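Right, one structure below, let's go through it.
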Amino acid sequence: MKSTKMSLWASGLSLLVCCAMLVGTTFAWFTDSVVNTGNTITAGTLDVSLQYKHLTDIDAQYADVKSDTPLFNAADILWEPGRSYGYDFRVANNGSLALTYVLNFQNVVTGGGTDGANIADVLDVYYVSDVNATSLDGLTPVGTLAEVMNGQKAVTSGGLAANAAAQEFSVVVKMKEKADNKYQGAYATFTVELLAKQATAEQDGFGSSVYDEDAEYPTMQDNGNGTYTFDGNLYVYVSNQYIPVTADGAVNGLYTDVNGNNYVAEAEAVKTVFANAQDGENITFIDNVSISSIGADTYITAKNVTIDLNGRTVSVDLGTAENSFSVTGDGSVVKNGTFTCTGSRANYPLWITGNSPDRASILVENVTIEGGMQVTGTVDATLKNVTITANTWHDVYLAQDSSVTVESGTFTSTGSQPHFYFFNYGSSYNPTVTINGGEFNGDTPTYAVRFPGNPYTFTNNLG
């Protein structure tokens, strides 16, 4: 019996030793492998260049077009009816991918002249499919500068395979012979822009060459604050034109173009521009602006200032800080947008006033006003295509020696309140309203007078 137990212990011990020996043992199976090293993916390159030489300099070498060296420089040529000026261009594909390109005139800004003359209407743009042209005889223009401006119509377009020979052509601008005296002093500035995108040339892994048929030319990036970015440059969009501007590093929402025109997108910018405005200045809104906690700083006294709301809305919180949007300079214009009230006081967001011995004449045109407007002091306000809806009181409130002439528009008073209110608190004042046009709720323009015994004048020429 004892020997049997010893045998069992020995067997168990042998089993444990065998199990321990199996730990760490690798079994042998059939295996195989294929290894492929050194794989690399390299993106192709899309690289286009534009070179130029003067049209009449046949033996000249092409030079690279530079962003800061204008091709059409006012210092090089004085334009007059019949005069032409242009360049031979060379477009080259310096990359490894096929491309298509388009040549545009962008960011066109015009001005000067008289009687509404726009020089872009009398400048013909020609494309010549060969270089070294000696005349424009028999050639048809691509269109006027007005027709090709801002990419509406390409000056020319084409395509280049990788390693293909460069393409050469001429572009000429000519002033029409019919341009008359009203174009004297007129000007146009613009950008010559070459855009390129990948072409449907190379094949993908399925043998298709149209996989990139939806590729698009680079476009303006909307920054969401009234500005746009393209190729690292900043622009604003006004009157269907992209205008290059520089941001003011010290004032949020303030931008300026090369002609010194100001563009505002925030209340801080409005405050700064109004406080420092010079006579003849142009101020354009490029975003909606909410004015509060600014006080009387939104008060512009410079003369002949044009304030273009550019379709934007100015919201004014009158509040305890006595915020206002006030214009007083003679010859100034407020146009193309909306004024509205916020806060506890829902009336009179726009204030037209004059505070000097000399009367100021101010035009309000193509403007919508929610809450009414004030006209006070020594000022004559003319209203053209103005829509006013009074929120609590009157469409127009007048005081002192102010006058309002209504040429056109729509005026809606509230409840029993009249359209116009004369606050004629002094016997030496004579506030005046003259109605030459417009539509009024109730079919008839109405008014009220604070002191009936003091002077005032109300003239309704509508009959």
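Miscellaneous remarks
- The conditions of being crowded, with 16+ Cβ neighbours inside 10 Å, under 22 Å from L160 (Cβ atoms) and without any contact (Cβ under 8 Å) to a residue 60 or more places away in the chain are not met by Y101.
- Boolean, I388 is in contact with a strand residue (DSSP E or B) (Cβ under 6 Å, 6 or more places away or on another chain), within 14 Å of N347 (Cβ to Cβ) and either not assigned by TED's automatic domain parsing to the domain that holds N347 or not basic (K, R) (or both): yes
- A188 being surrounded by fewer than 20 Cβ atoms within 10 Å (Cβ to Cβ), of a type outside the set (V, I, T) and either more than 30 Å from Y235 (Cα to Cα) or assigned by TED's automatic domain parsing to the domain that holds D115 (or both): no
- Scanning segment 265-292 for residues that are in a loop (DSSP other than H, G, I, E, B) and closer than 14 Å to D248 by Cβ, we see that the one that is farthest from the chain's Cα centre (by Cα) is E266.
- In segment 334-381, of all residues being over 26 Å from Y429 (Cα atoms) and part of a loop (DSSP other than H, G, I, E, B), the one that is modelled with the lowest pLDDT corresponds to S344.
- Exactly one residue out of G205, G249 is outside any strand (DSSP E or B), modelled with pLDDT of 85 or more, more than 29 Å from G113 (Cα to Cα) and out of contact with any Gly (no Cβ under 8 Å at 6 or more places or on another chain), and it is G249.
- For I362: the one exception among (1) in contact (Cβ under 8 Å) with a residue 40 or more places away in the chain; (2) within 29 Å of N436 (Cα to Cα): (1)
- Residue among G159, G151 that alone is assigned by TED's automatic domain parsing to the domain that holds S84, out of contact with any Gly (no Cβ under 7 Å at 6 or more places or on another chain) and farther than 30 Å from V258 by Cα: G159
- Filtered by the rule that a residue be in contact with an Asp or Glu (Cβ under 9 Å, 6 or more places away or on another chain), under 30 Å from D180 (Cα atoms) and crowded, with 17+ Cβ neighbours inside 10 Å, segment 65-90 gives Y85, D88.
- One residue stands out among those in segment 207-232 that are within 22 Å of G260 (Cα to Cα) and touching a residue at least 60 places away in the same chain (Cβ under 8 Å): the one that is surrounded by the most Cβ atoms within 10 Å (Cβ to Cβ), which is G226.
- All conditions in (1) crowded, with 23+ Cβ neighbours inside 10 Å; (2) closer than 13 Å to F423 by Cα hold for I352, with the sole exception of (2).
- Residues (over 14 Å from N366 (Cα atoms) and either surrounded by 24 or more Cβ atoms within 10 Å (Cβ to Cβ) or acidic (D, E) (or both)) located in segment 382-393: A390
- Filtering segment 49-64 to residues that are part of a loop (DSSP other than H, G, I, E, B), modelled with pLDDT of 90 or more and surrounded by 14 or more Cβ atoms within 10 Å (Cβ to Cβ) leaves only Y62.
- Within the option set F420, F411, F440, being in contact with a strand residue (DSSP E or B) (Cβ under 6 Å, 6 or more places away or on another chain), closer than 30 Å to P357 by Cβ and not β-branched (V, I, T) holds for one residue only, F420.
- Flag if Y299 is touching a residue at least 24 places away in the same chain (Cβ under 8 Å), of a type in the set (F, W, Y) and closer than 29 Å to E147 by Cβ: no
- Some residue of segment 144-152 being closer than 19 Å to L78 by Cβ, in contact (Cβ under 8 Å) with a residue 60 or more places away in the chain, surrounded by 17 or more Cβ atoms within 10 Å (Cβ to Cβ) and polar (S, T, N, Q): no
The values are calculated or read from the model by the stated rules, or taken from the named source; none is laboratory data. On a predicted model such as this, the values are computed, not experimentally measured, just so you know. Every residue, glycine among them, receives a Cβ derived from its backbone with ideal geometry; neighbour counts consider all protein chains shown.
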